[in-house]
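Student: Encoded as structure tokens, here's the structure I'll be asking about.
Read-outs: derived from the displayed coordinates by stated rules, not from any lab. All values derive from a computational prediction rather than experimental measurement. Neighbour counts run over all protein chains shown; Cβ positions are idealised from the backbone, glycine included.
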Amino acid sequence: MKTILFQGDSITDANRTKDFEMQENIFVTHPFGCGYVNATASRLLLDHPEKNLNVINRGISGHRIVDLYARWKVDALNLNPDIISILIGVNDVWHEYARQNGVEPERFEQVYDMLLSWSRKVLPEVKFVIGQPFCLRSSVVTDEFYEDVQVLGAITEKLAKKYDALFIPYQQIFNEAAKTRENTYYLADGVHPALAGAQLMARHLTPAIESLL
């Protein structure tokens with residue numbers, strides 16, 4: 001059995017059940033939320049029944065990298081995952097614009113690096129899939145907001161190389177998709193994926209995780 005852990009903010013949370021025993025019940029319709037994690041997990045469970053996969057979603061809405069680090073022991077390390085998929089960063093920007101409580105790029109990189117280093121020390125064989133934070137211009141996402149997210153996206157790519165992690169370039173993926181339809185078709189408010197956006201993420205994330213099984 002391999003344990004796959006999804007971590008992040010509301011994009012990962014996507015109204016998942018907070019009853020962890022229910023997440024282990026494969027008969028629950030949406031134990032992993034209604035977003036990209038549910039789409040990815042559904043495909044993995046369908047295509048690899050022989051692997052007896054244990055899928056866990058511990059994303060929490062509103063979280064920044066510092067919040068993720070604060071709960072990392074109980075919500076990641078103690079679960080002893082084989083694969084950790086991480087998507088974090090947009091709130092580190094958004095919270096600065098909304099409530100002057102964001103995380104500046106230097107601290108974002110420092111804390112993210114600490115989190116990955118800690119994980120490797122405790123779980124030497126763990127494999128990472130690092131998702132690039134993303135957004136598309138909208139009534140919420142201004143040009144400045146967009147550019148700030150790109151800075152954090154570059155940091156995640158740098159850390160993925162440092163820790164030999166698979167990197168999912170979500171920003172590039174959404175930029176390409178947005179050439180075919182309006183931004184809100186993929187990201188409902190410029191940040192949170194609509195149905196097509198969640199499926200688009202899963203289309204790229206699923207084979208990445210499969211390559212690590």
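Student: Would you list SER85, SER211, SER119, SER61 from fewest to most Cβ contacts within 10 Å?
Tutor: SER211, SER61, SER119, SER85
Student: Using the Cα centre as the reference, give the magnitude of the dipole from point charges on the C-beta atoms of the chain (Lys, Arg: +1; Asp, Glu: -1; all else neutral), rounded to the nearest 20 debye.
Tutor: 400
Student: So, one more: Could you tell me which helices of the chain pass both thresholds, a Cα extent of 20 Å or more along their own axis and a mean Kyte-Doolittle hydropathy of at least 1.0, with helices taken as whole DSSP H runs?
Tutor: Counting only whole DSSP H runs, no helix qualifies.
Student: May I pose another question? Arrange LEU213, LEU205, LEU53 by Cβ neighbour counts within 10 Å, fewest through most, would you?
Tutor: Placing the least packed residue first, the sequence is LEU213, LEU53, LEU205.
Student: Looking at (1) 8, 37, 39, 15, 1; (2) 9, 32, 35, 18, 5, 1, 0; (3) 8, 28, 33, 20, 9, 2, which value of P(r) over Cα pairs in 10 Å bins from 0, in percent comes from a calculation on the structure shown?
Tutor: After the calculation, the listed value that fits is (1).
Student: Then there is this: Of ARG181, ARG71, how do they rank once you tally other Cβ atoms within 10 Å and put the fewest first?
Tutor: By the 10 Å Cβ count, ascending: ARG181, ARG71.
Student: Within segment 3-210, what percent of beta bridges assigned by DSSP are antiparallel, to the nearest 5?
Tutor: 5
Student: Another question, if that's okay. Can you tell which of GLU157, GLU50, GLU125 shows the greatest fluctuation in a Gaussian network model of the chain with Cα springs below 10 Å?
Tutor: Evaluated over the chain, the most mobile residue of the options is GLU50.
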